[in-house]
Each structure stands twice: as C-alpha cells, then as structure tokens.
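Following: one structure in structure tokens, then a few remarks.
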Amino acid sequence: MTDRSILTNKFDVDTIRKDFPILNRKVNGQPLVYLDNAATSQTPQQVIDVIVDYYHRYNANIHRGVHTLSQEATDAYEVARQKIQKHFNIAHSYEVIFTSGTTHGINLVATGFTSFLKKGDEVIVSAMEHHSNIVPWQMLCERTGATLKVIPMNLDGELIMEEYHKLLNDRTKLVFCNHVSNALGTINPIEEIIEAAHKVGAAVLIDGAQAAAHIKSDLQELNVDFYVVSAHKMCGPTGVGMLYGKEEWLNKLPPYQGGGEMIAEVTFEKTTYADLPHKFEAGTPNICGGIAFGAALDYMNHIGFEAIAQYEEELMQYATEQLLTIEGLRIYGTAKHKTSVISFNIDGIHPYDIGTILDKLGIAVRTGHHCAQPIMDFYRIPGTVRASFSFYNTQEEVDKLVEGMKRAKNMLL
Amino acid sequence: MTSCIFEQNRNMTIQEIQNDIVDEFSMFDDWMQRYEYIIELGKSLPLIDDQYKTDDNLIKGCQSKVWVHAELDGDKLVFTADSDAIITKGIIAILIRAFSNQKPQDIIDADTNFIDEIGLKEHLSPTRANGLVSMIKQLKLYAVAYQTQLN
C-alpha cells in the first residue's frame with residue numbers, strides 16, 4: 001500500500017512476532033490482526049514457558065510449607081516481586097502488593113479510605129476514567145458522605161488543568177486519575193496532578209493499567225502515593241497485578257480481606273496483622289501468575305521500553321494518517337500526548353457493525369463504550385471502534401485495518 | 001429482492017418462511033456474503049413508528065439499541081422494529097420475517113431451530129448472540145401477551 005517504511009530504528013518486529021505463537025493463527029480463515037491490545041496483550045513464548053515450568057516442576061503453596069517445592073515457589077514469587085520493584089523503581093519490595101489486577105488494587109485503597117473520610121471531604125476523579133476508577137470512589141463517597149468532583153476534559157480528550165487546580169482545596173483528600181486513558185489514549189499530566197494534590201495534602205492514586213505497557217514509570221520520582229497495574233496488559237497473564245503504595249500509606253490502611261497469610265497471631269479475642277506486604281495478601285495468591293508477571297517484565301525490558309515507545313509512536317502516527325484518508329472517519333481523542341490507542345467512528349455507521357465486519361476479516365478491535373460511558377456521553381456517541389497497538393503489530397497490519405474499514409464502510413453505508 | 005419479502009410471506013406458515021430463510025442462507029459461499037445479505041435485510045426492515053421508539057419497547061440484553069413494537073391486525077400479530085446498528089437491524093428483520101403476520105399462538109408454538117440451521121448464532125459475538133436470544137424471547141412475550149388478550 002505504501003513504500004514508506006516506519007522502521008526508523010533497529011526494532012526488529014519480524015523477530016519479535018516469532019515470540020508470540022498466537023499471532024500465527026487464523027481467524028475466520030484470515031491471518032489474525034490483533035489490535036485489541038488495550039483490552040489485553042498477547043503472551044510471548046518466554047512467559048508461557050515460565051507458566052508451564054511452574055506447573056511442571058514446583059507448583060506448591062507459598063510462605064508456609066517446610067518442603068522444597070514450597071520453598072522454590074516462595075523464592076520465585078518473591079523474586080518476581082523484586083523484579084516489579086526494580087521495574088517501577090520502588091523503594092522497598094514490601095511496597096509491592098500483589099493483587100488480582102487493577103480493579104482489585106483500586107478497591108483495596110477505596111475500601112481502606114473509608115475510615116479516613118468524613119462528610120464534607122472531597123475526592124477528585126478525572127472525566128476520562130474507566131468505570132473501575134469511578135464506581136469504587138462513588139461507593140466510597142456514599143459510605144462516608146464525601147463529595148466526588150470531576151476534572152473536566154476538552155474535545156481533544158485532554159484534561160482541563162486550570163479547572164483541576166480550581167477544584168483543589170483543603171477539603172480535598174484524594175485524587176484519582178488514569179495515567180493513560182483506555183478509551184482515548186491520552187497521556188495525562190500526572191506529574192502536575194500529583195504535585196498539586198500534595199500541596200493541599202491530598203493523596204493520589206494513579207491507574208497505570210493502560211500506561212504500563214508503553215511507559216516505564218519511576219514511581220519514586222513521580223512521588224505518587226498509589227499506582228496500580230494489571231499484568232495482562234503487559235504480556236503477562238490475567239488475574240494478577242500490582243498495587244504500589246507508599247509505606248506510610250500501606251501501614252495506615254486497614255487490611256482489605258481477612259484470611260490466611262495476612263495475620264501475625266490469631267486468637268478468638270484478637271488478631272494482629274502481618275507486616276507488609278502480607279497484610280494485604282490474604283489467602284493463596286495467584287502464585288504462577290505473579291511469577292509470570294515477573295517474566296513478562298523481563299521480556300519487555302529485554303526489548304527495551306524506549307525502543308517499544310518509539311516504534312509504537314511511529315506505528316500510531318502511521319495508522320492515524322492512514323485512517324484519516326477514509327472519508328467520514330472521525331478520531332476521538334486527539335491529545336498532543338497520546339499512546340497506542342485510536343478511537344474512531346465513521347459517520348452514520350454503528351461501531352458494532354464495523355467491529356463485526358472487521359472480525360470476519362480476521363481483525364480484532366474493540367467496539368463499544370470501553371467501560372468509559374461518561375466519555376461517550378461527552379461526545380454524544382454510543383461508542384467507538386478502538387484499535388490499540390502493541391510493539392508486535394506491523395505497518396502491514398495497519399494497512400489491513402484500513403482496507404477492512406473501507407470494505408466495511410462500503411457494505412454498511 | 002428483499003423489499004417485498006415481508007409482503008410475500010403474508011400467507012405462509014412460520015415453518016415455511018423459516019425453510020425459505022434456511023434455503024436462502026445456504027446459497028452463499030461465505031459469511032461475508034451472508035453479512036451483506038443481513039445488511040440488505042436490515043435496510044428493508046419495516047420500521048417502527050417513531051412514537052413507539054420508547055424505552056419501554058427497548059429490548060434489554062442488546063449492546064446496540066433495539067426497539068420492537070407489536071400490534072394486532074385482525075387475529076394476527078404484526079411486528080415493527082428498529083435498531084441503531086444495521087447488522088442488528090438485519091437480524092431482527094430475519095426474526096420479524098419469520099414471526100410477523102402470524103397468529104400469537106403460532107408464534108408461541110414455533111421453534112427457532114432455523115437460527116441454528118443458518119449458523120447465525122455461532123457467527124455472532126457472544127454479546128450479539130445474547131441479544132438474539134433476548135429478541136426471540138421478546139417476540140414470544142408479545143405473542144403471549146396478545147394471546148391472553150384474544151382469549
């Protein structure tokens with residue numbers, strides 16, 4: 001379709017694709033074009049091998065057994081915690097709490113804050129949150145009588161930061177914002193959000209679910225209070241994620257769930273809780289998932305986040321240009337800083353219809369409201385088609401998407 | 001071809017219409033062609049009067065919006081519908097073609113095997129397949145309601 005090569009760096013996407021067995025499969029008789037990476041990323045063989053190896057060699061419960069298998073599994077799990085710590089430049093490994101994913105991490109913090117908030121307190125969320133970063137805070141406000149305030153956004157899908165600064169005051173206790181919007185791809189100015197919130201004494205939770213696969217964050221430098229991610233968006237398995245919390249906050253927060261593993265001493269009169277991180281890790285965790293999460297970070301770091309970011313940026317630029325050649329196509333989310341997500345519609349066509357036709361052509365995109373109904377209400381649309389890219393996608397796949405869109409448009413209009 | 005289909009079916013039984021639909025779908029080589037046909041059907045769907053496009057007439061369980069209205073014409077039940085998505089409109093058009101202008105009791109008694117025979121369900125996303133089930137359920141519920149009225 002074009003002779004312009006976007007591979008301006010040494011990024012060897014053909015070799016990388018060989019690591020992902022699923023990319024070889026066919027869907028509806030067509031080679032799979034997987035462009036739903038913002039929903040979940042695919043898993044490289046290196047990570048699959050770690051999962052298989054765990055069940056082949058050392059599947060055991062951790063932290064309590066005296067036997068060798070339990071010791072090996074515990075060691076591997078704790079090594080994974082250290083990998084996560086290192087990746088996000090976290091001061092202490094006990095500030096890394098394994099969760100079942102981003103939603104779990106958010107709910108843990110939201111529930112824990114119940115005893116810290118009172119009527120009249122204010123919490124702030126951004127207008128472009130995933131439902132998982134709206135509903136738990138609404139529930140928190142209902143429990144405590146605190147008020148939820150919203151940072152508005154402009155038509156480009158950027159937060160209006162002047163309005164944010166106006167919302168902050170001495171009643172503000174918490175601020176929540178996603179690092180990258182899953183529906184629009186906007187990279188939010190979280191440095192500014194965090195710094196301003198701290199000036200009024202508010203704590204900040206950043207939802208890094210969508211960012212973590214594209215941006216390597218230094219959490220100490222960000223000085224953020226809480227940061228949550230899911231492994232499955234960054235080449236790891238589903239059902240495991242990380243909650244980072246500053247030590248002082250994690251010590252203050254009450255445990256989220258009671259159970260084994262999270263206790264120091266139990267009598268029927270009183271239970272004392274275990275130290276961090278175990279205080280928040282009740283029950284048997286997703287051991288294999290945690291270990292595979294560590295392997296996924298190894299894999300991505302081996303390729304290198306700078307190389308990934310540069311490649312994905314070029315791919316997204318190319319896709320944006322090519323999609324805009326389709327008459328009647330409108331992109332939602334045109335922020336100056338964005339990553340790897342293009343949300344769009346074609347005039348007069350429902351996004352579900354486009355998604356259905358694309359699927360028949362082997363192209364996987366997401367359609368709908370992307371769990372961000374307030375954004376769809378803002379643009380007064382039922383939903384969008386969302387193509388989201390990863391470092392293993394190619395220019396040829398973008399061309400197939402554009403061809404597929406043209407075909408869908410011809411059929412549907 | 002499609003525009004007068006809804007009229008032609010007036011004197012046929014539900015089973016005869018369903019057999020016709022199965023025959024039509026078997027003529028196509030692949031699912032892209034079938035989708036093209038579904039889209040054509042959607043464009044020819046007898047549209048619901050705007051006054052009936054109310055929340056009450058929205059079918060729950062569909063990801064795209066689907067409105068269905070039913071009214072008696074003599075002893076037969078007539079369906080009209082609309083959707084904001086064209087493929088959904090096509091699917092509801094297939095159902096309406098099979099069930100509209102029929103006696104409520106016949107609609108209640110009708111089986112829906114033809115859906116499986118044309119392979120529609122497995123070619124829909126799970127959310128759309130759920131929507132299809134909701135649509136059939138809603139048409140049958142209308143039939144039950146009007147049958148009670150006729151009794």
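Below, the figures for the structure above:
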| item | result |
| --- | --- |
| Inter-probe distance in nm under a simple model that places probes 7 Å from Cα toward Cβ, at B:L47 and A:F268 | 7.2 |
| Charge sum, other residues only, whose C-beta stays under 11 Å from A:S343's C-beta, Lys/Arg counted +1 and Asp/Glu -1 | +4 |
| Region A:1-154 shape via C-alpha gyration tensor axes, a/c threshold 1.5 | oblate |
| Karplus-derived 3J(HN,Hα), 6.51/-1.76/1.60, for each residue of region B:94-101, Hz, glycine and proline x | 4, 5, 5, 4, 6, 10, 6, 6 |
| Range in chain A, longest, excluding exposed trypsin sites (Lys or Arg not before Pro) [loop by DSSP; at most 11 other beta-carbon atoms within 10 Å] | A:120-269 |
| Sequence-distant aspartates and glutamates (8 or more away, or on other chains) whose Cα lies within less than 17 Å of A:K338 | A:D36, A:E129, A:D156, A:E158, A:E191, A:E192, A:D207, A:E306, A:E312, A:E313, A:E314, A:E321 |
| Cross-link reach list, lysines versus A:K118, counting only Cα pairs under 22 Å and skipping chain neighbours closer than eight places | A:K149, A:K166, A:K173, A:K199, A:K252 |
| Pairwise label distance in nanometres, A:N61 with A:N223, each label 7 Å out on the Cα-Cβ vector | 4.4 |
| Region A:264-310 - convex hull of the alpha-carbon atoms, volume per residue in Å³ | 90 |
| Residues whose placed amide H lies under 5 Å from that of B:V66, excluding near-sequence neighbours | B:I59 |
| In Hz, Karplus ³J(HN,Hα) per residue of region A:45-53 (6.51, -1.76, 1.60; θ = phi - 60°; x = Gly, Pro) | 4, 4, 7, 4, 4, 5, 5, 5, 4 |
| For region A:394-401, 3J(HN,Hα) per residue [Karplus equation, 6.51 cos²θ - 1.76 cosθ + 1.60, θ = phi - 60°, Hz, x = Gly/Pro] | 10, 4, 4, 5, 4, 4, 5, 4 |
| Neighbourhood net charge (12 Å Cβ-Cβ; Lys/Arg +1, Asp/Glu -1) for B:K140 | -2 |
| Lysines whose Cα lies under 18 Å from that of A:K406, excluding same-chain neighbours fewer than 8 positions away | A:K360 |
| Over the protein assembly as shown: helical MRE at 222 nm, DSSP H runs n ≥ 4 each giving -39500 (n - 2.57), nearest 500 | -12500 deg cm²/dmol |
| Percent of beta bridges antiparallel (DSSP, the protein assembly as shown, rounded to nearest 5) | 65 |
| GNM flexibility winner over chain B from B:Q102, B:Q138, B:Q51 (Cα, springs under 10 Å) | B:Q51 |
| Inter-chain Cβ neighbour average for residues B:87-95, partner chain, 10 Å | 2 |
| For A:T99, residues with placed amide H under 5 Å, excluding near neighbours | A:G241, A:M242, A:L243 |
| Euclidean distance of C-alpha centroids, region A:148-181 and region A:290-362, integer Å | 25 |
| Cβ-derived FRET efficiency at R0 35 Å, A:L324 paired with A:E162, nearest 0.05 | 0.75 |
| Anisotropy class of chain A from Cα gyration tensor, a/c 1.5 cut | oblate |
| Helix A:305-323 axis, angle to chain A major axis (alpha carbon atoms, nearest 10°) | 40 |
| Estimated FRET transfer efficiency (A:T284, B:K65; beta-carbon r; R0 45 Å; 0.05) | 0.55 |
| Charge sum, other residues only, whose C-beta stays under 9 Å from B:L41's C-beta, Lys/Arg counted +1 and Asp/Glu -1 | +2 |
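The numbers here are math on the coordinates, done by the rules we state, and not lab data. Model, not experiment: these values are computed from the prediction. Heads up, the Cβs are rebuilt from the backbone with ideal geometry, glycines too, and the neighbour counts pull from every protein chain shown.
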